[in-house]
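The structure appears right after this line, and notes come after that.
The values are calculated or read from the model by the stated rules, or taken from the named source; none is laboratory data. These numbers were taken from a predicted model, which means no experiment stands behind them. We place every Cβ from the backbone using ideal geometry, glycine too, and count neighbours over all the protein chains shown. Calculation scope for accessible area: heavy atoms of the full protein, side chains included, ligands and nucleic acids excluded. Shrake-Rupley method; radii C 1.70, N 1.55, O 1.52, S 1.80 Å.
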Amino acid sequence: MLRAGGTVAFPTETVYGLGALAFDSAAVARIFEIKRRPSFDPLIVHVAGRAMLDEVVAGVPPAALALIEAFWPGPLTLVLRKSAAIGDLVTAGASTVAVRMPSHPVARALLEAIGAPLAAPSANPFGALSPTHARHVAAHLGARVDLILDGGPAEHGIESTIVALEPRPLLLRPGAIPVEEIEAIAGPLDREAEGAPIVPGRLPQHYSPATRLRVIDPALVAPAQRQGAASLALSHTFGGYDVSRALSSEGDLRVAAARFFETLHELDAMGVVRIDAQPFPESGLGLAIMDRLRRAAARNS
Ligand code: TXA
Ligand code: MG
């Protein structure tokens, strides 16, 4: 299907991706159509190994090589200068390309079998909650996708961390690898993307459920206001809400991240009037979770 220019949703260790041959611009255009994604939003290219990476980028600077050695295969996306083979649609006209080598065995087997890089954004409608199960892809993209490969629940549950290296190391999106682990190898990362183009993962509103969501400590919400609503927190549940979910009773941020989008999908389908989500500590994986929560809440403000 991919070789014929089709689109195939596949599991990765972060979230499900919607793939097409990165070198086939008509197939890449189908991804934008299916997701209703604006063409100014560039895609991540997935590779199986170094040879495939070299087809996609114009060179690998030493700082990138150190990060590749430390974190690939795995949930780190690097923004590097693109090769001539990568078309403008994939990069939204930029001279750089976002690239990563996934660790999920199904994603790897697919890339190796096809022998060519796959452009793949998250397999969700633009701006909506990311898919961590094949059933999320089926529910929200369904018949518009040629095939969905079911690899079970995504391990990390939150997208890859995106880092640009030139001119200076820069964090573009907090994600499944805590920024502290990347800084231990690359040195301090700039957090403010001054002068950098605004890409949709950085739009104020993104990753949104249909239900209104606000970031507030449920413990501070008056009992009368809990009626009809849902609470979402790290390790606590709260009385008086119609439904109250803790992401990890042990307070384990890895478990919380893995269940984050899945739990939001579930709460979103319950018909509650509002979701009150507890703020997360902004270090380790908490930074990525809080980033997604803020953007999910921005829709309503
Ligand atoms: O974990 C992930 O990264 C998942 C799985 C499927 O690999 N993919 C994913 O793709 O999250 P997507 O399209 O939902 O998010 C890609 C982000 C977008 O916010 C996009 O704007 C940014 O990467 N991006 C892509 N190319 C870029 C570039 N050249 N410069 C800066 N940002 C870029
Ligand atoms: Mg996405």
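Results, tabulated for the structure shown:
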read-out: Matching residues, segment 130-144, being open to solvent by less than 10 Å² (accessible area, probe 1.4 Å) and either part of a loop (DSSP other than H, G, I, E, B) or without any contact (Cβ under 8 Å) to a residue 24 or more places away in the chain (or both); value: 130, 131, 132, 141
read-out: Cβ-Cβ under 7 Å pairs, at least 6 apart or on other chains, segment 244-265 side within 15 Å of residue 290 (Cα to Cα), far side among the aromatic types (Phe, Trp, Tyr); value: 247/260
read-out: Those residues of segment 152-173 which are at pLDDT 95 or above and away from ligand 1 (no atom under 12 Å from the Cβ), in sequence order; value: 152, 153
read-out: Subset of segment 65-80 [within 16 Å of ligand 2 (Cβ to nearest atom) and in a loop (DSSP other than H, G, I, E, B)]; value: 75
read-out: Strands (runs of 3 or more DSSP E) completely within segment 220-301 that count 3 or more residues being open to solvent by 20 Å² or more (accessible area, probe 1.4 Å); value: 243-246
read-out: Members of segment 64-86 found to be crowded, with 17+ Cβ neighbours inside 10 Å and more than 21 Å from residue 25 (Cα to Cα), listed by number; value: 64, 67, 68, 71, 72, 73, 74, 75, 76, 77, 78
read-out: Some residue of segment 206-219 being in contact with a Ser or Thr (Cβ under 6 Å, 6 or more places away or on another chain), under 30 Å from residue 162 (Cβ atoms) and not hydrophobic (A, V, I, L, M, F, W, C); value: no
read-out: Search result, residues across segment 3-27 that are within 15 Å of ligand 1 (Cβ to nearest atom) and not in a strand (DSSP E or B); value: 7, 11, 12, 13, 14, 15, 16, 22
read-out: Every residue from segment 166-180 that is part of a loop (DSSP other than H, G, I, E, B), surrounded by fewer than 18 Cβ atoms within 10 Å (Cβ to Cβ) and touching a residue at least 24 places away in the same chain (Cβ under 8 Å); value: 166
read-out: Any hit, segment 23-33, residues being aliphatic (A, V, I, L, M) and either open to solvent by 30 Å² or more (accessible area, probe 1.4 Å) or outside the structural domain of residue 174 (by TED's automatic domain parsing) (or both); value: yes
read-out: From 257, 222, 186, residue being more than 25 Å from residue 91 (Cβ to Cβ), away from ligand 2 (no atom under 16 Å from the Cβ) and hydrophobic (A, V, I, L, M, F, W, C); value: 222
read-out: Selected residue (only one of 113, 120 is in contact with a strand residue (DSSP E or B) (Cβ under 8 Å, 6 or more places away or on another chain) and either open to solvent by less than 30 Å² (accessible area, probe 1.4 Å) or more than 16 Å from ligand 2 (Cβ to nearest atom) (or both)); value: 120
read-out: Test for residue 95: is it more than 15 Å from residue 49 (Cα to Cα) and either of a type in the set (Phe, Trp, Tyr) or crowded, with 24+ Cβ neighbours inside 10 Å (or both); value: no
